[in-house]
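Q: Following this message is one structure expressed as structure tokens.
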Amino acid sequence: MKFELSRRRFLIGSSVAATGLLTGCDALVENASVNDILQKAEALTMGSQRLLQAHEPLAREFTEADLSPIFKANGTQMPDSEEYARLMEGNFADWRLVVNGMVRTPLSLSLADLKAMPSRTQITRHDCVEGWSAIGKWTGVPLGLVLQKAGLAPGARYAVFYCADEYEKSLDGSGQYYESVDLIDAFHPQTILSYSMNGKDLEVAHGAPLRLRVERQLGYKHAKYLMRIELVDNFRGLWGGKGGFWEDRGYEWYAGI
């Protein structure tokens with residue numbers, strides 16, 4: 001794991017720390033040579049991890065004694081959205097998670113609906129691409145159970161997560177935060193839709209009312225403020241076509257650790 005994080009820091013380069021992730025990484029990954037290296041490294045990481053997962057499929061889990069006293073909030077800490085503000089004002093009573101796309105039965109699930117489903121609690125380490133880590137306790141419904149409830153249509157390959165927050169205001173919606181995983185990770189037992197952190201309902205800064213936890217990948221894959229999950233067979237119709245907000249800006253799609 002230390003090797004993987006060190007490799008990523010090397011590939012991204014020390015200039016990122018000096019100029020900031022948004023501007024530094026954008027400039028770096030626009031370089032064709034660097035982008036080619038990143039893509040080859042991603043393929044190597046994904047292939048290696050798929051092989052290792054056949055023998056040790058779970059990310060390490062910890063005990064409550066290991067919980068971090070401070071767990072930083074990654075990314076947006078308050079979505080700039082009138083709809084989100086309205087939902088938050090009502091304590092998310094009107095919030096619904098929509099599941100659609102290549103499914104047999106589209107869903108619209110309330111927070112109560114999700115909490116009524118079988119849950120999983122796990123204490124895991126969150127590794128941020130910025131270099132910090134923290135251990136937290138997460139409770140939520142396994143994503144695989146939600147997808148089973150919806151029923152996958154033939155040809156579905158990816159689950160795409162659309163969020164309430166926008167990093168960049170844009171007319172075409174390309175500034176909306178979104179992420180995706182393939183069905184291997186979607187049905188992994190540690191991939192959950194979490195509504196609780198450290199025994200309490202999620203705080204806004206940590207993604208209330210629902211966030212993705214995909215424990216074998218870096219923090220930017222753990223999408224917060226979930227609004228919709230779409231099952232698709234490719235990313236061609238999604239803005240930059242790379243399967244995620246940061247991926248469209250040059251980050252790895254398979255951010256395994």
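Q: At 7 Å along Cα-to-Cβ for each site, give me the label-to-label distance between W132 and V204 in nm.
A: Here the modelled spin labels are 2.0 nm apart.
Q: Dipole size in debye (nearest 20) for the stretch 62-249 around its Cα centre, Lys and Arg Cβ +1, Asp and Glu Cβ -1?
A: 540
Q: Could you work out how much longer the chain between E82 and R60 gets when fully extended? Use 0.36 nm per residue separation minus the Cα distance between them, nm to one decimal. Provide the component values of the computation, followed by the final result.
A: Working: separation 22, 0.36 × 22 = 7.92 nm, distance 3.84 nm.
Full extension of this stretch gives 4.1 nm more.
Q: Considering only T63, S180, G90, whose Cα is most displaced toward the positive end of the charge dipole of the stretch 62-249, charges sitting on Cβ of Lys, Arg (+1) and Asp, Glu (-1)?
A: Towards the positive end, the residue furthest out is T63.
Q: In units of 2.2 N^0.38 Å, what is the alpha-carbon radius of gyration of the stretch 110-257?
A: With N residues counted in the stretch 110-257, Rg over 2.2 N^0.38 Å equals 0.99.
Q: Of all accessible surface on the stretch 62-249 at a 1.4 Å probe, what whole percent is carbon and sulfur?
A: Answer for the stretch 62-249 is 49 percent, counting heavy atoms of protein chains only.
Q: Further question: Scan the stretch 103-165 for trypsin sites (Lys or Arg not before Pro) in coil per DSSP, keeping those whose Cβ has at most 16 other Cβ atoms within 10 Å, and list them by number.
A: R104, R157
Q: Taking the Cα centre of the stretch 62-249 as the origin and placing charges on Cβ (Lys, Arg +1; Asp, Glu -1), which of F161, S110, T191 is farthest toward the positive end of the dipole?
A: Most positive-ward Cα: T191.
Q: Okay, next question. When ligands, DNA and RNA are left out and all protein chains stay put, how many square angstrom of accessible area per residue does the stretch 94-167 have with a 1.4 Å probe?
A: About 40 Å² of surface per residue is accessible.
Q: Count neighbours as other Cβ atoms within 10 Å of each site's Cβ, and list the trypsin sites (Lys or Arg not before Pro) in the stretch 179-257 that are DSSP loop with at most 14 such neighbours.
A: For trypsin sites (Lys or Arg not before Pro) across the stretch 179-257 that sit outside H, G, I, E and B with at most 14 neighbouring Cβ atoms in 10 Å, the list reads R236.
Q: Something else about it: Per residue, what volume in Å³ does the convex hull of the Cα atoms of the stretch 172-222 enclose?
A: Convex hull volume per residue, Cα atoms: 100 Å³.
Q: Based on Cβ point charges of +1 for Lys and Arg and -1 for Asp and Glu, what charge dipole magnitude is obtained for the stretch 175-257 about its Cα centre, in debye rounded to the nearest 20?
A: Using Cβ point charges on Lys, Arg, Asp and Glu, the stretch 175-257 gives about 160 debye.
The values are calculated or read from the model by the stated rules, or taken from the named source; none is laboratory data. Bear in mind that the values here come from a model prediction, so they are computed numbers and not experimental data. Backbone-built Cβ (ideal geometry, glycine too); neighbour counts: all protein chains shown. Surface accessibility is based on the protein's heavy atoms, side chains included, excluding ligands, DNA and RNA. Shrake-Rupley method; radii C 1.70, N 1.55, O 1.52, S 1.80 Å.
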